[in-house]
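The values are calculated or read from the model by the stated rules, or taken from the named source; none is laboratory data. From a predicted model like this one, the values you see are computed outputs, not experimental measurements. Ideal geometry is used to build each Cβ from the backbone, glycine not excepted, and the neighbour counts take in all protein chains shown. Calculation scope for accessible area: heavy atoms of the full protein, side chains included, ligands and nucleic acids excluded. Shrake-Rupley method; radii C 1.70, N 1.55, O 1.52, S 1.80 Å.
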Amino acid sequence: MTQPTISNAAVEARTGRVWAEWFTLLDAEGAAEMTHREIAAALHDRHGLSGWWSQMVTVAYEQARGRREAHQTSRGYQVGVSKTVPVNVNTLFTAWTDEETRGAWLGDESITIRRATRPKSMRITWSDGQTNVDVSFWDKGPAKSTVQVQHAKLADREDVEGRRSFWRSALARLARQLAA
């Protein structure tokens with residue numbers, strides 16, 4: 001059984017119940033036989049949870065009941081990695097959009113940038129043509145910014161761990177390159 005990543009105190013402050021109370025209530029309402037969408041709708045419609053909290057409680061319930069693993073979504077698995085670097089956000093963004101600069105830290109990965117909003121975000125089709133990468137950029141001051149990478153549509157937990165390791169290494173190379 002996977003433990004929810006949000007504490008009992010936090011979920012109670014936002015929803016009025018701790019995890020065990022939500023799980024007992026959902027069991028009593030027949031959630032074990034419902035789809036993800038049906039559970040989330042019931043939480044929203046019957047119990048007044050926001051869309052975000054409906055999803056969080058549904059995912060935690062599915063994980064607690066063995067219906068979903070950590071990092072698993074309805075479209076496969078996903079993993080996120082972030083790194084803070086000592087440059088402004090525009091320089092960081094350019095390190096992703098400039099092919100020569102990107103090649104120095106990302107290597108030979110042939111990616112397709114489907115959409116980019118300077119200097120906020122980009123959506124990428126990964127070199128395998130099957131998985132997606134969402135990248136977010138955060139301005140932390142004149143000489144500090146953070147990049148967050150979310151790699152989705154992964155096959156399984158093993159793929160999650162492989163991608164986590166890959167992205168940690170790639171972002172460390174990026175940080176070293178930008179700090180030089």
Open item on the list: At 222 nm, what value in deg cm²/dmol follows for the chain if DSSP H runs of at least 4 each add -39500 (n - 2.57) and the sum is divided by all its residues, to the nearest 500?
Closed with: -14500 deg cm²/dmol
Open item on the list: Once ligands and nucleic acids are excluded and a 1.4 Å probe is used, how much of L174 is accessible, expressed in Å² to the nearest 10?
Closed with: 0 Å²
Open item on the list: Within segment 121-143, list the residues whose amide N lies under 20 Å from a label point set 7 Å along Cα→Cβ of A104.
Closed with: 143
Task: GNM flexibility winner over the chain from V135, V149, V11 (Cα, springs under 10 Å) - done: V11
Open item on the list: I want to check the label-to-label distance for R118 and K140. Put each point 7 Å from Cα in the C-beta direction and report it in nm to one decimal.
Closed with: 2.4 nm
Open item on the list: Angle check, please: helix 36-47 long axis (alpha carbons) against the longest principal axis of the chain (alpha carbons), in degrees 0 to 90, nearest 10.
Closed with: 60 degrees
Open item on the list: Run the simple label-point estimate for E38 and T91 please: 7 Å along Cα→C-beta, distance reported in nm.
Closed with: 5.5 nm
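Net charge near M122, counting Lys/Arg +1 and Asp/Glu -1 over other residues with Cβ under 13 Å of its Cβ? List each step's numbers first, then the result.
Working: positive: R102, R114, R115, R118, K120, R123; negative: D98, D134.
With Lys, Arg at +1 and Asp, Glu at -1, the net is +4.
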Task: Residue (of G129, H44, A60) at the positive-pole extreme of segment 1-139, dipole from beta-carbon charges - done: H44
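Taking the Cα centre as origin and putting +1 on Lys and Arg beta-carbons and -1 on Asp and Glu beta-carbons, what dipole magnitude results for segment 14-82, to the nearest 20 debye? Don't skip to the end; give the middle numbers.
Working: 8 positive and 8 negative charges, 44 e Å.
It comes to approximately 220 debye.
Loop only per DSSP, at most 16 neighbouring Cβ atoms within 10 Å: give me the trypsin sites (Lys or Arg not before Pro) in segment 11-73, ordered by residue number. Write out the running numbers ahead of the final one.
Values: sites: R14, R17, R37, R46, R65, R67, R68; in loops: R17, R65, R67, R68.
For trypsin sites (Lys or Arg not before Pro) across segment 11-73 that sit outside H, G, I, E and B with at most 16 neighbouring Cβ atoms in 10 Å, the list reads R65, R67.
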TODO: Using only Cα atoms, find the angle between the long axis of helix 157-179 and the longest principal axis of the chain, and express it within 0 to 90 degrees, rounded to the nearest 10.
DONE: 40 degrees
